[in-house]
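Reviewing the structure listed below.
Bear in mind these aren't lab numbers, they're just calculated from the coordinates by the rules spelled out. Computed from a predicted model, the values in this text were never measured in an experiment. Don't worry about glycine lacking a Cβ; one is built from the backbone with ideal geometry, like all the others, and counts go over all protein chains shown.
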Amino acid sequence: MHNRHKAIGARSALASGPAGQRGVTLIIALIALVVLTVGALAMTRSSDVSLRMAGNLAFKRDLVNQGERAIATALAELNAGGLAAESTRNANRAASNYSATLLASSAQGIPNVLLSEAAFTAAGFSHADITDTSTGVTVRYVIDRQCAGTGTYDIAACQAVTAKPPPKAGDGIKQDKTTGAVTRPVYRISVRITGPRGNQTYTQTTVAL
């Protein structure tokens, strides 16, 4: 009698073994599925953030490229336009967004007239903004001579660069007769680019004439 009970118990254990193993396997599979789901969500979120960052960088790069149009316009004004003559650059010229003196600027070096509409209006600048209706981008620039005051260029009151050989003779050029070097005043071109969503980017360059 005792032996028969042992046999029955053995058969019972054998019968329940595979079902128990299937239950453990199912739990492991569920845990693995949860881990894979969490990992997939994390990867998706990371991918979205990366795409958003790439899009923002591309958008900012495009705004900077749009700003090149203003720099080209300002250079044309200085070289062949209303500011081509040195005598003209000795005084402010609102129609060209030009200041013969150094403009007050922020700690980052951006002229205040570009940071504030009120300051821009108060300065009397009237050169039309460059607007791209297809992209909704608006570009504005100002030019300021890096001098403490208006009037004829004075190296003692202006930031200047020295170059050799000398350029063609012209007004405002100071030449060192012993070395042949000449000094020329520096002009700063500052550009504000406003995107279609109101975001803004600033660029600057300097030239010597």
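Rounded, prolate or oblate: which fits segment 84-167, taking a ≥ b ≥ c as square roots of the Cα gyration tensor eigenvalues, rounded meaning a/c under 1.5, else prolate when a/b beats b/c? Here segment 84-167 falls in the prolate category. As a proxy for reagent exposure, ranking Thr133, Thr121 by other Cβ atoms within 10 Å from fewest up yields Thr133, Thr121.
Under a model in which nothing but the beta-carbon of Lys, Arg (+1) and Asp, Glu (-1) is charged, segment 57-138 shows a dipole of about 120 debye around its Cα centre. Seen from Arg140, the other residues with C-beta closer than 15 Å to its C-beta sum to a net charge of -3, counting Lys and Arg as +1 and Asp and Glu as -1. Treating r as the C-beta distance of Gln200 and Ala42 and R0 as 41 Å, the FRET efficiency rounds to 0.75.
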